[in-house]
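The values are calculated or read from the model by the stated rules, or taken from the named source; none is laboratory data. Note that the coordinates shown come from a computational prediction; the quantities given were computed from them, not determined experimentally. Neighbour counts are summed over all protein chains in view; Cβ atoms, including those assigned to glycine, are modelled from backbone coordinates with ideal geometry.
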Amino acid sequence: MEELELISYMFWSFLGLFLLLFILSGIRVIKEWERAPILRLGRYVGLKGPGIIYIIPLIDRIPCKISLRIQTIPFSSEQTLTKDNVPVNVDAVMYVKVIDPEKAILNIENYYQASLWAAQTTLREVIGRIELQELLSHREMVGQELRKIIDEKTEEWGIKVISVEIKDVIIPQILQDAMSRQAQAERERQARITLAKAEWQAAELMVKAAQLYEKDKTALLLRWMNMIYEIGQQPGTNTLIFVPS
């Protein structure tokens, strides 16, 4: 009899412990920046979090956790032709934020991967509509156009595109050399123009000075004396001045 009571006691003890662990297994901790979608028998019933939440074991399930923080998505476009038929490789980065976790879990299987693919295809489309010089000199404007187009695509997924930045534009080495020579030629042209302008201005001032000296002999004499003084200031120079008696 005592043995039967002991077995019964152990059975109910193990059963109670099992039920306690079963109940405690439904406790989850969700971080401040996360939200947890709840599926009850496969049906979406809502979001929970942050903090300590409870789900019904074996009935409720959390398929994933949605982060509400801004996320960075690097992407690139390899060997894409610009409007003027120049092959370029463009590296960019996109900053996105989930603003509607319910859409992000129900309307798209993987919002991160989908946003990445949308960014890559949009980058190729935009590059094909602009010329190389515009891509190189107006990166910020190109990034703004990319952000606007991608944001329209991801809006139905509950994703907000904060910004898109062009990190690097890689062009063929032959074209880089040609652009370098062109830039060097442009710098030389600007230098020659600047020198010519300086000579023209100097000649114009000399003409005005000659006209002044022609009208005012005293000014010419003062200029002559100043030139003699400047020559005498040079080291190792002896100056002889003959003054008529």
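Overview of results
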| quantity | calculated |
| --- | --- |
| Residue pairs meeting the criteria (Cβ under 8 Å; at least 6 apart or on separate chains; first under 13 Å from VAL126 (Cβ atoms), in region 143-156; second polar (S, T, N, Q) and outside any helix (DSSP H, G or I)) | GLY143/SER163; ARG147/SER163 |
| Selection count where residues are buried (at least 20 other Cβ atoms within 10 Å of the Cβ) and of a type in the set (Ser, Thr, Tyr), scope region 115-144 | 2 |
| Failed item in (1) within 20 Å of LEU81 (Cα to Cα); (2) surrounded by 18 or more Cβ atoms within 10 Å (Cβ to Cβ), with ARG147 passing the rest | (1) |
| Among the residues listed as GLU134, GLU156, GLU165, GLU145, the single one being touching a helix residue (DSSP H, G or I) at 6+ places or on another chain (Cβ under 9 Å), assigned to a strand (DSSP E or B) and at negative phi | GLU165 |
| Answer from ILE108, ILE127 - the residue that is among the β-branched types (Val, Ile, Thr) and farther than 14 Å from SER76 by Cβ | ILE108 |
| Selection count where residues are touching a residue at least 12 places away in the same chain (Cβ under 8 Å), farther than 30 Å from ILE99 by Cβ and among the small types (Gly, Ala, Ser), scope region 7-55 | 1 |
| Cβ pairs under 9 Å, 6+ apart, first in region 70-96 and closer than 11 Å to GLN120 by Cβ, second modelled with pLDDT of 90 or more and among the aromatic types (Phe, Trp, Tyr) | ILE73/TYR95; ILE73/TYR112; PHE75/TRP117; ALA92/PHE75; MET94/PHE75 |
| Lone unmet requirement of (1) more than 16 Å from GLY158 (Cβ to Cβ); (2) in contact with an Asp or Glu (Cβ under 7 Å, 6 or more places away or on another chain) for ASN107 | (1) |
| Residues of region 66-85 that turn out to be at negative phi and in contact with a Pro (Cβ under 8 Å, 6 or more places away or on another chain), as a count | 4 |
